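Visitor: Below is the structure I would like to discuss, written out as structure tokens.
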Amino acid sequence: MFRVYFLFVLSFVLLDVILKKRLKSGGFMKRLRMLKNILVRTKTHQILIVYTIFVLCSALVILLVEPGINRYIDALWYCYAVVSTTGFGDVLVVTVISKALSLLVTIYSSLVIAIVTGVVVNFYTEVTEMQKKETLTAFMDKLEHLDEMSKEELRDISSQVKKFNHNVRK
């Protein structure tokens with residue numbers, strides 16, 4: 001299972017390097033903490049915990065019923081190949097139970113990936129929309145009280161409008 005987590009973290013690092021897109025006040029670790037917070041707030045981490053337990057138990061069952069798999073780490077490696085839909089071919093199953101379990105692991109993996117991705121994207125979209133509404137509400141409030149503002153505040157609003165128009169034209 002260490003390989004699975006290592007490859008998972010390595011894929012995040014590579015994605016971060018490839019995109020070269022850093023958050024203004026941090027990098028990879030900040031994104032990882034943000035992902036963890038989203039998963040905990042939406043209770044999606046429970047899905048991932050149950051999924052991990054299912055994969056670990058599936059590896060145990062495969063170890064017990066497969067004559068060609070003699071070590072738990074080999075059963076985990078096979079489950080990783082099934083989860084990632086890579087199918088390396090170095091470990092094969094021959095029993096009906098293992099084949100059925102492989103099918104369940106594949107289907108469950110697809111569902112978990114879809115659910116977790118959907119929840120994270122939806123949460124991020126909602127937060128972004130909420131921030132936009134708050135910003136728009138504050139801006140509209142300033143516009144309603146133009147006559148009470150100082151010249152500096154008016155210049156600030158003017159620069160915000162210019163920046164907005166510049167971004168819209170791009």
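The values are calculated or read from the model by the stated rules, or taken from the named source; none is laboratory data. All values derive from a computational prediction rather than experimental measurement. Note that each Cβ is placed from the backbone with ideal geometry, even for glycine, and that neighbours are counted across all protein chains shown. Heads up: the accessible areas ignore ligands, DNA and RNA and are worked out on the full protein's heavy atoms, side chains in. Shrake-Rupley method; radii C 1.70, N 1.55, O 1.52, S 1.80 Å.
Visitor: What number of residues within region 87-111 are open to solvent by 80 Å² or more (accessible area, probe 1.4 Å) and either under 27 Å from Thr44 (Cα atoms) or of a type outside the set (A, V, I, L, M, F, W, C) (or both)?
Guide: Count: 6.
Visitor: Still on this model: Across region 75-133, what is the number of residues that are among the aliphatic types (A, V, I, L, M) and within 26 Å of Ile38 (Cα to Cα)?
Guide: Adding up the residues that qualify gives 14.
Visitor: Just the residues that are outside any helix (DSSP H, G or I) and surrounded by 11 or more Cβ atoms within 10 Å (Cβ to Cβ), please, taken from region 74-86.
Guide: Ser84 - this is the single residue of region 74-86 that is outside any helix (DSSP H, G or I) and surrounded by 11 or more Cβ atoms within 10 Å (Cβ to Cβ).
Visitor: Restricting to region 42-73, name every residue that is of a type in the set (D, E, K, R) and touching a helix residue (DSSP H, G or I) at 6+ places or on another chain (Cβ under 8 Å).
Guide: Once the filter is applied, which keeps residues that are of a type in the set (D, E, K, R) and touching a helix residue (DSSP H, G or I) at 6+ places or on another chain (Cβ under 8 Å), region 42-73 yields Glu66, Arg71.
Visitor: I need a count of the residues in region 9-61 that are at pLDDT 90 or above and more than 16 Å from the chain's Cα centre (by Cα).
Guide: Looking only at that region, the number is 10.
Visitor: Can you pull out the residues in region 64-73 that are closer than 22 Å to Ile53 by Cβ and either under 24 Å from the mean Cα position of the chain (by Cα) or surrounded by fewer than 19 Cβ atoms within 10 Å (Cβ to Cβ) (or both)?
Guide: Those that are closer than 22 Å to Ile53 by Cβ and either under 24 Å from the mean Cα position of the chain (by Cα) or surrounded by fewer than 19 Cβ atoms within 10 Å (Cβ to Cβ) (or both): Leu64, Val65, Arg71, Tyr72, Ile73.
Visitor: Which of the residues belonging to region 112-123 are of a type outside the set (Phe, Trp, Tyr) and surrounded by 14 or more Cβ atoms within 10 Å (Cβ to Cβ)?
Guide: Residues satisfying the conditions are Val112, Ile115, Val116, Val119, Val120.
Visitor: Another question, then. Quick test of your reading of the structure: Lys132 fulfils all but one of (1) closer than 30 Å to Lys43 by Cα; (2) among the basic types (Lys, Arg); (3) exposed (fewer than 10 other Cβ atoms within 10 Å of the Cβ). Name the failing condition by number.
Guide: Going through the list (1) closer than 30 Å to Lys43 by Cα; (2) among the basic types (Lys, Arg); (3) exposed (fewer than 10 other Cβ atoms within 10 Å of the Cβ), Lys132 breaks only (3).
Visitor: Now for a separate question. Is it true that Lys142 is over 20 Å from Thr42 (Cβ atoms), part of a helix (DSSP H, G or I) and open to solvent by 80 Å² or more (accessible area, probe 1.4 Å)?
Guide: Spelling it out, it is not the case that Lys142 is over 20 Å from Thr42 (Cβ atoms), part of a helix (DSSP H, G or I) and open to solvent by 80 Å² or more (accessible area, probe 1.4 Å).
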